[in-house]
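A.B. asks: I have a structure I would like to understand better, so I am pasting it below and will then ask my questions one at a time.
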Amino acid sequence: MGRLGDRIGHTKVLIASALAAMVVFAPQAWVQTTWQLILLQALGGLALGGLVPSVAALMNLWAPGGNQGSTYGLDNSVQASGRVIAPLIAATIAALAGYRGVFLGAAAIYAVMALAAVRVVRAAKRRATQNTTSAQAAANAAPEAR
């Protein structure tokens, strides 16, 4: 998935992977056989395989120059914390709402992630447009100021 991100853009792969994960995790709440669960889990793994390289590539692009190492360190710390906290949260949800709630909750998290990525991209595009417009206005005004 990393090569696909290099070709079409890591943000697009991130959003598509999060949406695919949402679409694959939600039906797991209603599986009837073990094979259905195995198939959906495999598809979910493929979807999640697009998230990690996309996030890593975007962190590299968006991190301030020279701070990529600390950014990756923070990301690894968050991932390690997630590996500890996520099962505790999932077990609590399973105890309260059953396994169906766990799968629907995971699907909801991926939906929120996709929406957040879309909003971040839109905001970044707006800022880039505003900066370009401001720079053009300043360049046009500069000869008059002389």
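The values are calculated or read from the model by the stated rules, or taken from the named source; none is laboratory data. Only a predicted model underlies this, so the values are computations on that prediction, with no experimental measurement involved. All Cβ positions, even for glycine, are placed from backbone atoms using ideal geometry, and neighbour counts span all protein chains on display.
A.B. asks: If you check residue 71 against the conditions, is it farther than 19 Å from residue 110 by Cβ, surrounded by fewer than 13 Cβ atoms within 10 Å (Cβ to Cβ) and of a type outside the set (Asp, Glu)?
C.D. replies: Against the criterion (farther than 19 Å from residue 110 by Cβ, surrounded by fewer than 13 Cβ atoms within 10 Å (Cβ to Cβ) and of a type outside the set (Asp, Glu)), residue 71 does not qualify.
A.B. asks: Check whether at least one residue in the range 24-41 is within 17 Å of the chain's Cα centre (by Cα), surrounded by fewer than 18 Cβ atoms within 10 Å (Cβ to Cβ) and modelled with pLDDT of 90 or more, and report yes or no.
C.D. replies: no
A.B. asks: Checking the structure you have, find out if any residue of the range 45-55 is without any contact (Cβ under 8 Å) to a residue 12 or more places away in the chain, within 13 Å of the chain's Cα centre (by Cα) and surrounded by 14 or more Cβ atoms within 10 Å (Cβ to Cβ).
C.D. replies: Within the range 45-55, one or more residues are without any contact (Cβ under 8 Å) to a residue 12 or more places away in the chain, within 13 Å of the chain's Cα centre (by Cα) and surrounded by 14 or more Cβ atoms within 10 Å (Cβ to Cβ).
A.B. asks: Still on this structure: Can you pull out the residues in the range 56-68 that are in contact with a helix residue (DSSP H, G or I) (Cβ under 6 Å, 6 or more places away or on another chain) and either closer than 18 Å to residue 9 by Cβ or buried (at least 17 other Cβ atoms within 10 Å of the Cβ) (or both)?
C.D. replies: Those that are in contact with a helix residue (DSSP H, G or I) (Cβ under 6 Å, 6 or more places away or on another chain) and either closer than 18 Å to residue 9 by Cβ or buried (at least 17 other Cβ atoms within 10 Å of the Cβ) (or both): 57, 58, 59, 60, 63.
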